[in-house]
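Chemist: Quick one: this structure, given as structure tokens, is what I'll be asking you about.
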Amino acid sequence: MTDDAQRRVTGPASGQRTARLAVRRHARHLLRDPTDVGSHMARLHASLELAGAEPVQGALADLFSCFGAHDAPLKRTALQLSQGRLSAHATRWFEAQVAQAALPAINPLATRWSVLAHPSADISTRARRCSVDDSRMLAGQAVLAFRAADKPAQNEFLHHCVTCHDNLAFMLARRALLKSGAALPGDWEAVSLQLEQTRELT
């Protein structure tokens, strides 16, 4: 493999590792000094280098939980940086909070990437344990595992869906496989029934 090819293979992964380390470093600093604006913004910038929306939303929720109405310009700047990575409803929620008091420590905007804020208890089990991005990624991996007849990987995916009540990941994977004409074995149907029963009870 040429040097250029090697860089193309390792570059993105290396960048993700660097960004993840930066996020953790700034998060540790914020645990010591939650009002350090520089660390909040540096962590947000590092989060933007990571895949998915959840790291960005988690960092933004921490910032909004530390600064109130007097810091509206700071909050607006942070939101503008993040806007392209957030879902439409999350963007609307944050926009509504820009000129308000600091968010409570427990709030619906926090994610598992937040270190100062914590997700509300009324958020679904799936949303607390994994993000929409995670569910989509896991579903894609499950489809590949099925096509490769990788039974251990399939079992791990099904176990995840049941344990985390991840209806979204299961639905996406099942729909993609059925659309391709795959005949799903009994364990997939059993998980489908179990998740359906769980939904009926909640």
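Chemist: Quick one: with all protein chains in place, what share of the accessible area of region 31-145 is carbon or sulfur, to the nearest percent (1.4 Å probe)?
Modeler: On the way: 3070 of 5440 Å².
Its accessible area is 56 percent carbon and sulfur atoms.
Chemist: Another question, if that's okay. For residue 118, which sequence-distant residues (separation of 5 or more, or a different chain) have an amide H within less than 5 Å of its own amide H, given hydrogens modelled in the peptide plane?
Modeler: Amide H neighbours of residue 118: 106, 107.
Chemist: Each residue of region 38-43 in turn: what ³J(HN,Hα) in whole Hz from Karplus with 6.51, -1.76, 1.60 and θ = phi - 60°, glycine and Pro shown as x?
Modeler: x, 5, 4, 6, 5, 5
Chemist: Compute the FRET efficiency between residue 32 and residue 72 as 1/(1 + (r/R0)^6), taking r as their Cβ-Cβ distance and R0 = 22 Å, and round to the nearest 0.05. All intermediate terms of the calculation are to be shown ahead of the outcome.
Modeler: On the way: r = 25 Å, r/R0 = 1.15.
Given R0 = 22 Å and the Cβ-Cβ separation, E is 0.30.
Chemist: Give the shape of region 136-193 as rounded, prolate or oblate, defined through the alpha-carbon gyration tensor: a ≥ b ≥ c are the square roots of its eigenvalues, a/c under 1.5 means rounded, and otherwise the shape is prolate if a/b is larger than b/c and oblate if not.
Modeler: Note, shape of region 136-193 comes out rounded.
Chemist: I've got another one for you. If each residue of separation counts as 0.36 nm, what is the full-extension length gain between residue 49 and residue 149 once their alpha-carbon separation is subtracted? Intermediate results must be reported in sequence, preceding the final value.
Modeler: Working: separation 100, 0.36 × 100 = 36.00 nm, distance 3.38 nm.
So the extension gain works out to 32.6 nm.
Chemist: Could you order 159, 40, 29 so the one with the most accessible surface comes first? Probe is 1.4 Å.
Modeler: Working: 159 125, 40 5, 29 55 Å².
In descending accessible area the options line up as 159, 29, 40.
Chemist: Roughly how much of residue 95 is accessible, in Å² to the nearest 10, using a 1.4 Å probe?
Modeler: Accessible area, nearest 10 Å²: 90 Å².
The values are calculated or read from the model by the stated rules, or taken from the named source; none is laboratory data. Fair warning: this is a prediction, and the values are worked out from it, not measured in the lab. Please note: Cβ atoms are built from the backbone with ideal geometry, for glycine as well, and neighbour counts cover all protein chains shown. Just so you know, the surface numbers come from the protein's heavy atoms only, side chains and all, with ligands and any DNA or RNA stripped out. Shrake-Rupley method; radii C 1.70, N 1.55, O 1.52, S 1.80 Å.
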